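So the structure is just underneath, and the comments pick up after that.
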Amino acid sequence: MKINSKSMKQMNIRMIMKHLVEKGPTTRVDLSKFTKLTPSTITRMISDLSESGLVEESGQSKKSHIGRKAINLSITKKISSIVFNVDVERTTVAIGYLDKSIKEIESFQTGSIQNFISKVENKIEKIENNYPLDLNITSVIFAFPGIVDVDNTTIVYAPNLNWRGVKLCEMIKYPYRIIADNEANLSILAESVFSEDVRESNNAFFLYISQGIGGGAMINHQILRGKGFAGAEIGHTVVEARSEIKCHCGNYGCLERYASLILPVVEYEKNGRKLIGKTYTEKFSSLVTLYANGDILAKTSLEEFLHYISIGLINIVNTFNPEVIVIGGGFNEIWKYFGKELYKRVSERAMPGVLNGVIFRDTIFDKVEAPVAGGNVLAIENIINNLNI
């Protein structure tokens, strides 16, 4: 890009917006110090951002300054995204704001692709009638369990849904910007913004465990999507080379056919006992509660799950050698309940030295789903990168 006065202004405005989004309320004086721009330049740019409805004054700064208290500047609480976090059984609908806050509003059964698109359009219409949306700002974001062509907004293949070649922009008849990505990619993106250890790591990995298994890798602070957008698909690495168990992807012996949340639930219930819950995620949570209370059958039912999750973690450590491995998805306390046992198994089989200093933990997201937070981050990044004031 040729650098001229106009492009330089856009670069500086984007830098100011990014700083306000990441750091929160800031004064003009602090913005001048951070950007190395003159106070008068900061004032002009803040005026432009205020006229565009993106920045507002938000009260006096608590920092001590000589003389009159400085005024804080904040990102406005405009709706930046409508997020659909798509799981095999249920889809969560949420609203994301420019200040990074999230409001999850409802969920619905995912169903077939035709029913899904119909419900999506119904939810968008409902949100339009109840919330102030802005076509210049608001994006519709989708998080999918599978391979997503982010450049062409196309679901290449979602194995557990059996959806192929779904061109979202052609199917959804609304004028908003449509963005889609893999759920694990959006999860590691969210962690990189909201958690300090991932933000400060060169390499990090999100192991997404639900009805299937996904992976999101951040290498040198960039999401690894790969040429065909299948980067870090750890769930479809082969863990049993001579297996006769066919995966939804068409291969045999994939990790997700041995270590998703479904398998231990099925193992427990095949003995005639029923777990509490309507979905596999709810039933898995009930199974973990029984395990924590010393239920022998629960412990037995989870043995294969723990064995293959440990193999998945070994493959992640040996292949990506990340500084942080985050675990989440349908159930967000796997490391809390099983971390000690999993680390023991991983340490017995990992290559020498690769575990030194590696952080294993559950996702920081609990009340808000990680892909939802990541979807809104993606929307905000898109707004900032395309600012033209």
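The values are calculated or read from the model by the stated rules, or taken from the named source; none is laboratory data. Please read all numbers here as calculations on a predicted model, not as lab measurements. Heads up, the Cβs are rebuilt from the backbone with ideal geometry, glycines too, and the neighbour counts pull from every protein chain shown. Accessible surface areas use protein heavy atoms only, side chains included; no ligands, DNA or RNA. Shrake-Rupley method; radii C 1.70, N 1.55, O 1.52, S 1.80 Å.
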Restricted to segment 17-28, and to residues that are more than 21 Å from the chain's Cα centre (by Cα) and open to solvent by 70 Å² or more (accessible area, probe 1.4 Å), which residue is nearest to Ala379 (Cα to Cα)? Pro25
Just name the residue that is nearest to Gly216 (Cα to Cα) out of those in segment 237-247 that are open to solvent by 30 Å² or more (accessible area, probe 1.4 Å) and touching a helix residue (DSSP H, G or I) at 6+ places or on another chain (Cβ under 8 Å). Thr237
Can you find a residue in segment 258-269 that is at positive phi and modelled with pLDDT of 95 or more? no
Residue match in segment 176-199 (condition: among the aromatic types (Phe, Trp, Tyr), surrounded by 22 or more Cβ atoms within 10 Å (Cβ to Cβ), within 18 Å of Gly374 (Cβ to Cβ) and in contact (Cβ under 8 Å) with a residue 24 or more places away in the chain): no
Cβ pairs under 6 Å, 6+ apart, first in segment 292-308 and within 17 Å of Tyr343 (Cα to Cα) and open to solvent by 10 Å² or more (accessible area, probe 1.4 Å), second of a type in the set (Lys, Arg) and not in a helix (DSSP H, G or I): none
Search segment 21-42 for residues that are without any contact (Cβ under 8 Å) to a residue 24 or more places away in the chain and pair each with any residue that is of a type in the set (S, T, N, Q) and not in a helix (DSSP H, G or I) when their beta-carbon atoms are under 7 Å apart and the residues are at least 6 apart or on different chains. Ser32/Thr38
1 or more residues open to solvent by 60 Å² or more (accessible area, probe 1.4 Å) and free of Cβ contacts under 8 Å to residues at least 12 places away in the same chain: qualifying strands (runs of 3 or more DSSP E) within segment 75-133: 102-109
Does Gly339 satisfy the condition of being of a type outside the set (S, T, N, Q), on the phi > 0 side of the Ramachandran plot and either out of contact with any helix residue (DSSP H, G or I) (no Cβ under 8 Å at 6 or more places or on another chain) or surrounded by fewer than 16 Cβ atoms within 10 Å (Cβ to Cβ) (or both)? no
In the set Glu233, Glu267, the lone residue that is surrounded by fewer than 23 Cβ atoms within 10 Å (Cβ to Cβ), charged (D, E, K, R) and either touching a residue at least 24 places away in the same chain (Cβ under 8 Å) or within 16 Å of Pro159 (Cβ to Cβ) (or both) is Glu267
Can you find, within segment 137-164, the residue that is farthest from Gly111 (Cα to Cα) among those that are of a type in the set (A, V, I, L, M, F, W, C) and open to solvent by 20 Å² or more (accessible area, probe 1.4 Å)? Val150
What are the pairs with Cβ atoms under 6 angstrom where one residue, in segment 218-230, is closer than 16 Å to Ile155 by Cβ and of a type in the set (Gly, Ala, Ser) and the other, located anywhere, is at pLDDT below 95 and part of a loop (DSSP other than H, G, I, E, B)? Sequence gap at least six, or different chains. none
